[in-house]
Amino acid sequence: PPLLGNFIRKFPQVNLSLLNGNSREIETALQEHRIDLGLVEGIFRLPNLKYTTFLDDELVAIVHAQSKLSLQHIPLVLRERGSGTLDVFERALLQHSIKLSSLNVLMYLGSTESIKLFLENTDCMGIVSIRSIYKELASGNFRVVEIKEMQMLREFCFVHQQGQEGGLPQVFMQFAMHYNQRL
C-alpha cells in the first residue's frame, strides 16, 4: 500500500485496484485476465507467465515477546496452502529432512496480518516475512526465534502474461523498481 500511495500521488489520473490473495490465486487471476500485473513470492513458476524479480526477502520464525515455548513442541500458525510463504517454509524443512506433517501445526491462516494478530493472543510460533514485522520488533511486541542453519530466503516477483509488455503494468514496475531502493 505505501508503494501504491506513492504511485497514485505521482500519477493521480490513474485508477488502480488491489486484489489480495496468495501466489496461486494471483497467478490464476492473471491467467483468467482479471488482473494485468501481480506480485508473488515463492518458488514455483508457471511457464505461461513472465516473472521479474522485484526484491529479496527472508522468512523468520516469530513469537510474542513474552512466549515461554520450547521449540521442540511449539504449536505453529502458518500461511495457507497455495501461499508462496508456505512453499518456501516447506522447502527449507525438506532441506533438513523434516516433513511439515511431522510438526505441530495448530492453524493455517490466510494473511500475514492475521498471523500477527493471532500470535499476539496465543503462545504459538509463526513464519512471516521479516519485512512485515519491523514495527512489531521495534516496539518489542515480537521477537525472532533463530532456527539454526535454516535460512528461508525468497524473492518477490512481478508476474504478468507472457508477451504482454508495456502499458500501465510496465510503468508501475519501473516506478516500483525505483521505489525499491527505499524498501
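The values are calculated or read from the model by the stated rules, or taken from the named source; none is laboratory data. Since we're looking at a predicted model, the values are computed, not measured. Cβ sites come from the backbone with ideal geometry, for glycine too, and all protein chains shown count toward neighbours. Quick note on the areas: whole protein, heavy atoms, side chains included, nothing else; ligands and nucleic acids left out. Shrake-Rupley method; radii C 1.70, N 1.55, O 1.52, S 1.80 Å.
Structure notes:
- Restricted to segment 131-154, and to residues there that are touching a strand residue (DSSP E or B) at 6+ places or on another chain (Cβ under 8 Å) and open to solvent by less than 40 Å² (accessible area, probe 1.4 Å), the residue that is farthest from residue 74 (Cα to Cα) is 154.
- Among (1) surrounded by fewer than 16 Cβ atoms within 10 Å (Cβ to Cβ); (2) of a type outside the set (A, V, I, L, M, F, W, C); (3) within 30 Å of residue 66 (Cβ to Cβ) - the single one residue 83 does not satisfy: (1)
- One residue from 125, 177 being more than 16 Å from residue 40 (Cα to Cα), touching a residue at least 60 places away in the same chain (Cβ under 8 Å) and among the aliphatic types (A, V, I, L, M): 125
A quick yes/no check of all residues on (1) in contact (Cβ under 8 Å) with a residue 60 or more places away in the chain; (2) farther than 11 Å from residue 159 by Cβ; (3) in contact with a Lys or Arg (Cβ under 8 Å, 6 or more places away or on another chain); (4) acidic (Asp, Glu):
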residue: 36; (1), (2), (3), (4): yes, no, no, yes
residue: 40; (1), (2), (3), (4): yes, no, no, no
residue: 49; (1), (2), (3), (4): yes, no, no, no
residue: 65; (1), (2), (3), (4): yes, yes, yes, no
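- With respect to the conditions (1) farther than 28 Å from residue 29 by Cβ; (2) free of Cβ contacts under 8 Å to residues at least 60 places away in the same chain, residue 143 lacks only one, and its number is (2).
- One residue stands out in segment 90-112 among those that are more than 11 Å from the chain's Cα centre (by Cα) and part of a helix (DSSP H, G or I): the one that is farthest from residue 39 (Cα to Cα), namely 102.
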